[in-house]
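S.K.: Just dropping this structure here.
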Amino acid sequence: MRENKKFPAPRFRHPFVMPWTPNARLAAGFTLIEVLIVMTLLSVMVVLLFASMKICADSWEKGESKIGDVNEVAVVYNFFQRRLSSAKPLWDDFTRPEEGVFSFQGDLNSLQFVAEFPASADRAGLQLFSLQLQREGEQQLIEVTTTPFFPMAEGEAAPSEKVTLIKRVSDFSIAYFGVEDGTTEGSWQALWRDRESLPQLVKITVALDNGIFWPDMIIPLKNGGMPDDAGFVQDADEDIDEDDEAEVDENLDEEAVNEDFE
């Protein structure tokens, strides 16, 4: 049977087979390769997102830790700047009345001095500060003990308070700058005991186990200086002030004399 080219015979089509059209490619969906590529890209994006979040979290924690370390240094420096710089040149006649010891005593790893708490503090008045390097388990720490300088009433125990100033200490040393007995020039010394005056400067060096750098703390003592003839410690600034006051008094006397003559 010959097919009429002008009127071709109809062809048989399966009822479940969709005829091909230009939009048949879109209607058929994605291929397996395309789905795998998309899933791979999504996985890479999720991994990068979580990695970025972890980096941000680590940076935040390091920043918080750095701020905490800086605050710790600031607190310790503030303690020495407020208390040690205002150390009083007093004699301790209460601990050993028969001898009488100067209140400021220091060596390479310990320090004792007398300073005053403000009236607003719970422990107002003169306090005896004892700074020592202690070992607690496997770590070293610096402790400060405060005790009232003047003795309590009979039958009462002196209330002492112990505070940990610095933890995880690997190295701790104290040096004192002042005039040594028999000399006229000041120098750094590792021992300041049995003296009758305060050092001019105190240098405190601290190193921690975690490797965080602590700069040397050099504290000038307001009352540091040489003792005068009466045995009282006299500061160089006080000499200048006394000279100024004497000059002012002389000027006032001259003005009063001139007024009398007028």
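Bear in mind that the values in this text are calculations on the coordinates, not laboratory data. Every value quoted in this text rests on a predicted model; they were computed, and no experiment measured them. With ideal geometry, Cβ positions are generated from the backbone for all residues, glycine too; neighbour counts draw on all protein chains shown.
S.K.: Which distance in nm do the two modelled labels at Ile33 and Ala51 give, with both placed 7 Å along the Cα-to-Cβ direction?
M.R.: Simple spin-label model gives 2.7 nm for this pair.
S.K.: What is the fewest-to-most order of Met39, Met217 by other Cβ atoms lying within 10 Å of their Cβ?
M.R.: Met39, Met217
S.K.: Still on this structure, please answer the following. Rank the residues Tyr77, Tyr176 as a footprinting-exposure proxy: fewest other Cβ atoms within 10 Å of their Cβ go first.
M.R.: So the residues, fewest neighbours to most, are Tyr77, Tyr176.
S.K.: Now for a different question. Go ahead and run the numbers for FRET between Leu191 and Asn71, Cβ-Cβ distance against an R0 of 30 Å, rounding to 0.05.
M.R.: Using R0 = 30 Å, I get an efficiency of 0.40.
S.K.: So which of Lys66/Lys203; Lys62/Lys167; Lys88/Lys167; Lys66/Lys167 end up more than 22 Å apart, counting from Cα to Cα?
M.R.: Too far apart for the 22 Å limit: Lys66/Lys203; Lys88/Lys167.
S.K.: Using per-residue counts of other Cβ atoms within 10 Å, averaged over each peptide, order 181-188, 109-116 from highest down.
M.R.: My ranking of the peptides, most packed first, is 109-116, 181-188.
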